[in-house]
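Down below is the structure, laid out as structure tokens.
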Amino acid sequence: MKKILFFLCMTCALVACVSNPTYVEQEGATLKTIKVTVRANEWSYTQQGVEDQFNNNYFYAVVDMPEITKEVFNYGEVKAYAVFERNNTTYARKHLLPYVLHVEEPIATGNWLYFTETYDFTYGIGWAEFNFRTSDFAYEDNVNINPPAMDFDIVITYPQD
């Protein structure tokens, strides 16, 4: 009987711990959101020459970001979001990067084209870089393919003093 009572008491204690979580609050966190637009003509391509035409190339856009200081790099946090239809209250949405989108498009022959788009982000002290690639690498066969203009938000959480 004592074992059953002990087991019931322990079960109640564990359930009470799980259903009543403890949160630690930090005061004074400083966040800054920076809106970035990469125009279609601002994307660069990683292919340097004929020899590396099929070397998993992708598009990238580098932006100066003086807000990412050495202190932010070492002790803060930087996140980026792809922003779609920012000005449309019904369809506006953000996706935390990296973001992977599976796409299907009809083509002239009546068939469908299937591929994946990947949006990614990397940063360093004083700069940020957005990356865009597609799984079919159609831009390696057709140099006229270029990513469209895209909007991004960079959110910086500054370290506490």
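The values are calculated or read from the model by the stated rules, or taken from the named source; none is laboratory data. Note that the structure is predicted; figures quoted are calculated from it, not measured. Backbone-built Cβ (ideal geometry, glycine too); neighbour counts: all protein chains shown. Ligands, DNA and RNA are excluded from the accessible area calculation, which covers all protein heavy atoms including side chains. Shrake-Rupley method; radii C 1.70, N 1.55, O 1.52, S 1.80 Å.
Looking for whichever is open to solvent by less than 30 Å² (accessible area, probe 1.4 Å), among the hydroxyl-bearing types (Ser, Thr, Tyr) and at pLDDT below 90 here; the options are TYR139, TYR119. Which one fits?
Within the list TYR139, TYR119, the selection yields TYR139.
Looking at the stretch 87-106, can you tell me whether even one residue there is under 24 Å from GLU42 (Cα atoms), in contact with a Leu (Cβ under 9 Å, 6 or more places away or on another chain) and not β-branched (Val, Ile, Thr)?
Looking for residues that are under 24 Å from GLU42 (Cα atoms), in contact with a Leu (Cβ under 9 Å, 6 or more places away or on another chain) and not β-branched (Val, Ile, Thr), one finds at least one in the stretch 87-106, hence yes.
Of everything in the stretch 62-95, what is without any contact (Cβ under 8 Å) to a residue 40 or more places away in the chain, within 19 Å of the chain's Cα centre (by Cα) and surrounded by fewer than 13 Cβ atoms within 10 Å (Cβ to Cβ)? Give them in sequence order.
Once the filter is applied, which keeps residues that are without any contact (Cβ under 8 Å) to a residue 40 or more places away in the chain, within 19 Å of the chain's Cα centre (by Cα) and surrounded by fewer than 13 Cβ atoms within 10 Å (Cβ to Cβ), the stretch 62-95 yields GLU85, TYR91, ALA92, ARG93.
For the stretch 52-71, what are the residues that are hydroxyl-bearing (Ser, Thr, Tyr) and at pLDDT 95 or above?
THR69
Are there any strands (runs of 3 or more DSSP E) wholly within the stretch 63-123 with 3 or more residues that are farther than 18 Å from ILE154 by Cα, and if so which?
In the stretch 63-123, the matching strands (runs of 3 or more DSSP E) lie at 99-106.
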